[in-house]
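J.: Below you'll find the structure I mean.
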Amino acid sequence: MPEAKNVDFDRPGGYAMPKGATQVQRRAAKDLARDGVVKLLGDTVPAHVAKDETPTPAFQASDPDTRLFVGDCRDVLARLPDRGNVDLVFADPPFNWDVPYDEWRDGMPRAEFERFTFDWLDGCVDALAPHGSIWVNIPDDTAAEIVMHLKRRGLTMINWCVWHFRFGQNRDSSFIMSKVHALYFAKNPDERIWNPKDVLEQSDRASIYADPRTQAKDENKGMRVPMDVWYGPYWGRIQGNNTERRHRHHNQLPEVYLERVIRACSNEGSLVLDPFCGSGTTSTVARAWNRRSITIEYGAGNAESAWQRITQIGMLRKGLSSGGTSAIAPARATKKRRPSAPASDA
């Protein structure tokens, strides 16, 4: 029997549910930006003073326009000709875990690292168009500071997603880390680019239960927008002999992760910005889906390696972030209904 809506509550759609986290976040961001005084450790360190020079791309390609700058992203972002016109930012910054990122010093004192974080976040926010969105990939120890800083800049949180992976580093001193946070903020929630139909996956009702109700919908039969915890085939850490692996680079993200973000939050021809190029995943995926992109890399060696991937190797798993299922249970066998007894003539 189909479920009936509870209409005893004055809520959008008639469901007995909260008005929505986005509305609450929108009000909180406005109040914090206007009246709130939130002091974080990084506020004790002076802000970075950017170089007063217009940056020039070290690498550039066309169809679509793709640019890679080499240098400190804080300097490049401050003088970027495209400031105010970026549709989507995706950032996977250094975690300050003392990883050997080519020429970058990944072991700052905590206050200095937070100041660095606020500086590049400010550069990205200022680069966004009024309808722009920003995603930040970050672990537990800096997620809270990034959330608070983006809120005090007046941005609205749309989702706090989690990228879940297997094969976290083995240890017995605490639970094994198996996630990274994917923080999704927008300048204006009402004007942001949002393409849910481009990232649909099979619902549990369809993939596990073969529920006929999900096939009775007028559109997107058996499909739904992904949940906010992301995992599944091709979603694991890129390491070892993984086909996507770029051996010069550390902490490489899977292509399906960037594909979901880029397809959901930008259109063909949109401008995507990544201030931390790394192995070049963002521009590789953006180029595969006909998005313009700008990326920045501190080390010249890493930049050259990334550019080879972006322009010569390209995306290897295009289209694999959508259409499948993230169900954690196998499909259940459906029982055939017994035929009804014939009506009596009596």
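J.: Under the classification rounded if a/c is under 1.5, otherwise prolate if a/b is larger than b/c and oblate if not, where does region 102-205 fall, given a ≥ b ≥ c as square roots of the Cα gyration tensor eigenvalues?
T.: The shape class here is oblate.
J.: At 222 nm, what helix-only mean residue ellipticity would the chain give, in deg cm²/dmol to the nearest 500, using -39500 (n - 2.57) for each DSSP H run of four or more?
T.: For the chain, the value works out to -7500 deg cm²/dmol.
J.: Please report, in debye to the nearest 20, how large the charge dipole of region 21-313 is about its Cα centre when each Lys and Arg carries +1 at its beta carbon and each Asp and Glu carries -1 there.
T.: Value, rounded to 20: 700 debye.
J.: May I pose another question? If only Cα atoms are counted, what is the Rg of region 46-139, and what is its Dmax, in Å?
T.: For region 46-139, the Cα-based Rg and Dmax read 14.0, 42 Å.
J.: Now for a different question. Quick one: work out the % antiparallel among DSSP beta bridges in the chain, nearest 5.
T.: Looking only at bridges with both residues in the chain, the antiparallel portion is about 50 percent.
J.: On to the next question. For the cross-link pairs Lys151/Lys197; Lys51/Lys151; Lys51/Lys179, which exceed 32 Å when the distance is taken from alpha carbon to alpha carbon?
T.: Long pairs (Cα-Cα over 32 Å): Lys51/Lys179.
J.: Pick from Gln169, Gln60, Gln308 the residue whose mean-square fluctuation is largest in a GNM of the chain, springs joining Cα atoms under 10 Å.
T.: Comparing Gln169, Gln60, Gln308 in a Gaussian network model of the chain, the most mobile one is Gln169.
J.: For a protection proxy built on the mean count of beta-carbon atoms within 10 angstrom, sort 234-247, 133-146, 213-226 highest first, please.
T.: Result, highest mean Cβ count within 10 Å first: 133-146, 234-247, 213-226.
J.: Which one, Leu320, Val86, Pro64, projects farthest toward the positive side of the charge dipole computed for the chain from Cβ point charges (K/R +1, D/E -1)?
T.: About the Cα centre, the residue reaching furthest to the positive side is Leu320.
J.: Rank-order 186-199, 69-82 by packing density, defined as the average count of other C-beta atoms within 10 Å over each peptide's residues, highest first.
T.: Listed from highest to lowest mean packing, they are 69-82, 186-199.
J.: Return the loop-located trypsin sites (Lys or Arg not before Pro) in region 117-185 (DSSP other than H, G, I, E, B) with at most 12 other Cβ atoms within 10 Å of their own Cβ; answer none if there are none.
T.: Arg166, Arg171
J.: While we're here: Calculate log10 I(q)/I(0) of the chain for q = 0.10, 0.13 Å⁻¹, where I(q) comes from the Debye formula with a single equal point scatterer on each Cα and nothing for solvent.
T.: Log10 of I(q)/I(0), two decimals: -0.66, -1.07.
No value in this document is a laboratory result; all are computed from the given coordinates. Remember, predicted model here, so these are calculated numbers, not experimental data. Note that each Cβ is placed from the backbone with ideal geometry, even for glycine, and that neighbours are counted across all protein chains shown.
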